[in-house]
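Accompanying notes for the structure given below.
Bear in mind that the values in this text are calculations on the coordinates, not laboratory data. The structure displayed is predicted, hence computed values, not measured ones. For neighbour counting, all protein chains shown are included, and Cβ atoms are generated from backbone atoms with ideal geometry for every residue, glycine included.
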Amino acid sequence: MEHTVSIKGQYHSFTSAFSSDEGAAEALRGTDNNFGASLLEKLDAYGRLSEAQWAWVHKLATEKAQPTAAAKKLDVDLSDIVAMMDLAAEAQKRAPKIVLERDGSKVVLARAGERAKMPGSINVTDGRPFGENIWYGRIQLDGSMQESRSMTDDVRELLTELSADPAKVAGQNGIATGCCCFCAKLLSTRESRSVGYGPVCADKFGLPWGDTSVADAADAAAKGDDHGETCRDCGDDGFLSLIGDRCEDCNDRHLDGPDAYQEDFGL
């Protein structure tokens, strides 16, 4: 059966794995997809669904039934990521989340809640709203990775690197984006900007804080061999900040906000 669904204003056609609406609905039972579960609740309550809603039932049931999405696992132990999320879950009220960016794309790790099909597992997506996002798979409680058909080599590589050295990956991400990958807050102090995440999140996720080696390496790579650049604001020569055209002091003033920055330089 051919069906069409609308995703972010664009229409996508697909072939359902089921020849009847009833068969698709029955196959979708037990899903951990919240949108799919809500459709089944409406069907049970009212005995009917709209044509568009039935199309989504077929789409979600077909995806659930695909054998390629069911058991493919990444051949690496990601238990260190699970342990890190466990530690953070005990330290904060909200479910822990890690938001990483690489080459302009987001990879989001979010802990599944108690009502999910696999509570405590870690869903890996592209961070877009539910129903519109790409689900790469889930990290199981034993540290194994259950992949979906959408898994890519880049995401596999990032997860492997995160498990092997979470402090390095989180630090590089924070230095590159200016935000903490754990709480999404702007890194507002020199120390946090140097490490790539703040001391509070470091404590919650069990990571070291205060080691600036990651920032130093990135800073050196950004400068190259030329250390005689002139700061665009104060005119001093020497090592430049990661921005590349300001010294550290001027860069700090710049990040403190426009009021402090303009007052210091009479702008």
Once phi is turned into ³J(HN,Hα) by the Karplus curve 6.51 cos²θ - 1.76 cosθ + 1.60 with θ = phi - 60°, what whole-Hz value does each residue of region 102-118 show in order, with x for glycine and proline? 8, 6, x, 10, 9, 10, 10, 10, 9, 6, 6, x, 5, 8, 6, 5, 10
Just the Kirkwood number for region 141-207, please: inverse of mean 1/r across all distinct Cα pairs, in Å, one decimal. 12.9 Å
Could you check the simple spin-label distance between residue 142 and residue 2, using points 7 Å along Cα→Cβ, in nm with one decimal? 4.3 nm
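Relative to the present Cα-Cα distance, how much length would full extension add between residue 95 and residue 126 at 0.36 nm per residue of separation? Could the numbers behind the result be given before it?
Details: separation 31, 0.36 × 31 = 11.16 nm, distance 1.74 nm.
Between residue 95 and residue 126, full extension yields an extra 9.4 nm.
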Based on the Cβ-Cβ distance from residue 35 to residue 234, what FRET efficiency comes out when R0 is 51 Å, to the nearest 0.05? 0.40
Counting sequence-distant residues (5 or more places) and residues on other chains, those with an amide H built under 5 Å from that of residue 179 are 187
In nanometres, what is the gap between the two model label sites at residue 164 and residue 189, each 7 Å from Cα along Cα-to-Cβ? 3.2 nm
Starting from the Kirkwood radius over alpha-carbon pairs of region 9-133, derive D by Stokes-Einstein at 37 °C in a medium of 0.692 mPa s and give it in µm² s⁻¹. 196 µm²/s
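For region 128-219, which GluC sites (Glu not before Pro) pass both filters: DSSP loop (anything but H, G, I, E, B) and at most 13 other C-beta atoms within 10 Å? Numbers along the way, then the final one.
Numbers: sites: 132, 147, 157, 161, 191; in loops: 132.
When the GluC sites (Glu not before Pro) of region 128-219 are filtered for loop state and at most 13 Cβ neighbours within 10 Å, 132 remain.
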Residues whose built amide H sits under 5 Å from the amide H of residue 120, excluding neighbours closer than 5 in sequence, are 112, 113
How big is region 9-66 in terms of Cα radius of gyration and Dmax, in angstroms? 10.6, 30
Using DSSP to define loop residues, name the trypsin sites (Lys or Arg not before Pro) in region 1-54 whose beta-carbon has at most 15 other beta-carbon atoms within 10 Å. 8, 29, 48
Using 7 Å Cα-to-Cβ label points, what is the residue 103/residue 46 separation (nm, one decimal)? 4.4 nm
